[in-house]
Amino acid sequence: MFVKLQRNSMKGFKTIKLLFSILFIGTMCASCSFDKNAATDLYSVIATLCKTDDGTWYFRDDTGITMQVSPAISFRDTYVDKRFYLEFSKLSNNSGNLDLTIQLYHIEQVIIQPVLDIYNQTQNDSIGCDPIDVYGLWASGHFINLMYDIYWEGNHAHYINLVRDINIADSIDNGIPVVFLELRHNARNEASLTNYSGLMSFDYSTLLPSFQNSDSIRFTISYKDYDREQKS
């Protein structure tokens, strides 16, 4: 789903390079920005980078809409199937295999993490319980997408995970399964000195086989913010 941006409200996420591993906040790809003063409607979306057999690069959002970039941009093949946050204007509707031609104003890689299951207290403690501020949280496709703020010193990569405690039973609300998840941050004992804004997607597809007889699933996600308040 495309989100229309208010003029002069481009996100402009910081592209601080962090160490990457499966549980780490990963290294953001370098941002690519163009002239933002054009008098045109701007949109944002999270989409997957794809490549046709003839070498054409394009993006596919979680609803299946495909977008070709003009002027064209070349990517490394290692970025195929990676997710990106895009801010763009629509140039035209396509009559060929791709739906839209767009002009990019901002592009940033979105780190993908699985939803983690917690089985015991030791594992629970290692995940951490430091605060995190959330200013965007929504589902699209089989992902839960997160826009967040944290504070750090910049010396260590932090852990951010969306977890499911298997000891907490799912519930049913008007026939809809409700899955309880927690957003967890491990600051690795760093002081809260500098603000960092980021964007992540959590893949919940591993949860779907348990609810294959349901038309929908509801997620309840809790976290602790920097005011030390528990939010849900």
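The values are calculated or read from the model by the stated rules, or taken from the named source; none is laboratory data. A quick note: this is a predicted structure, and the numbers were derived from the prediction, not measured. Heads up, the Cβs are rebuilt from the backbone with ideal geometry, glycines too, and the neighbour counts pull from every protein chain shown. These area figures cover heavy atoms from the full protein model, side chains too; ligands, DNA and RNA do not enter into them. Shrake-Rupley method; radii C 1.70, N 1.55, O 1.52, S 1.80 Å.
Odds and ends about this structure:
- Residue in region 91-102 that is of a type outside the set (Gly, Ala, Ser), assigned to a strand (DSSP E or B) and within 29 Å of LEU207 (Cα to Cα) present: no
- Verdict on LEU116 being closer than 30 Å to GLN68 by Cβ and in contact with a strand residue (DSSP E or B) (Cβ under 8 Å, 6 or more places away or on another chain): no
- Search result, residues across region 80-124 that are of a type in the set (Lys, Arg) and open to solvent by less than 10 Å² (accessible area, probe 1.4 Å): ARG83
- Close pairs (6 angstrom Cβ cut-off, 6 or more residues apart or separate chains): touching a residue at least 12 places away in the same chain (Cβ under 8 Å) in region 166-185, part of a loop (DSSP other than H, G, I, E, B) and acidic (Asp, Glu) anywhere: PRO177/ASP170; VAL179/ASP170
- Residue in region 131-146 that is surrounded by fewer than 19 Cβ atoms within 10 Å (Cβ to Cβ), in contact (Cβ under 8 Å) with a residue 12 or more places away in the chain and in contact with a His (Cβ under 9 Å, 6 or more places away or on another chain) present: yes
- Among the residues making up region 107-129, a single one is of a type in the set (Asp, Glu), in a strand (DSSP E or B) and over 27 Å from LEU86 (Cα atoms): ASP117.
- Identity of the residue in region 147-161, outside any strand (DSSP E or B) and open to solvent by 60 Å² or more (accessible area, probe 1.4 Å), that ends up nearest to TYR119 (Cα to Cα): HIS156
- Number of the exception - PHE75 against (1) at pLDDT 90 or above; (2) outside any loop (DSSP other than H, G, I, E, B); (3) of a type outside the set (S, T, N, Q): (2)
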